[in-house]
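Below is one structure, written out as structure tokens; the observations come after it.
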Amino acid sequence: MADMAGAIRLISIEKGHDPRDFALMPFGGAGPLHAVAIARELGLPRVLVPRFPGLTSALGCVMADVRHDFVQTVNQPLAGIDRAEIDAILADQRDRARAAGG
């Protein structure tokens, strides 16, 4: 709970908002299970649970932009990396992205 509350606090404060000025609206399958404890820890006055919290989460997945991430770990000291190897990795990622429609 402390980690979730801390994340909410951090994001809110970074944007210049005091979380105590808001109600918590949990979503997803397990969000409402933790909502009261998180709200208490943050000092939030209200928890507003939507009628179908799992649908709110699914709707976010449906509306989100499609994104493909291509990642390659190169576990070598920077000084020992061969530029041609890096160029080949980047070219492969570019080709995979194009094939995926990106």
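The values are calculated or read from the model by the stated rules, or taken from the named source; none is laboratory data. Just so you know, these numbers come straight off a predicted model, no measurement behind them. Using ideal geometry, Cβ is built from the backbone for each residue, glycine included, and neighbour counts are taken over all protein chains shown.
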**Request:** Tell me which residues, restricted to the range 24-53, are hydrophobic (A, V, I, L, M, F, W, C), in contact (Cβ under 8 Å) with a residue 24 or more places away in the chain and closer than 13 Å to R9 by Cβ.
**Result:** L24, I38, L42, L44
**Prompt:** Going through the range 1-24 one residue at a time, which ones are of a type outside the set (D, E, K, R) and part of a helix (DSSP H, G or I)?
**Reply:** A2, M4, A5, G6, A7, I8, L10, I11, S12, I13, P19
**Request:** Scan the range 38-54 for residues that are touching a helix residue (DSSP H, G or I) at 6+ places or on another chain (Cβ under 8 Å), part of a helix (DSSP H, G or I) and among the aliphatic types (A, V, I, L, M) and jot them down.
**Result:** I38, L42
**Request:** Name, by its number, the condition in (1) on the phi < 0 side of the Ramachandran plot; (2) loosely packed, with under 14 Cβ neighbours inside 10 Å that does not hold for G43.
**Result:** (1)
**Request:** Might you check whether a residue that is under 18 Å from the mean Cα position of the chain (by Cα), hydrophobic (A, V, I, L, M, F, W, C) and either surrounded by fewer than 16 Cβ atoms within 10 Å (Cβ to Cβ) or part of a helix (DSSP H, G or I) (or both) occurs anywhere in the range 25-33?
**Result:** yes
**Asked** Do the conditions hold for G43, that is, is it assigned by TED's automatic domain parsing to the domain that holds P19 and touching a Ser or Thr at 6+ places or on another chain (Cβ under 9 Å)?
**Response** no
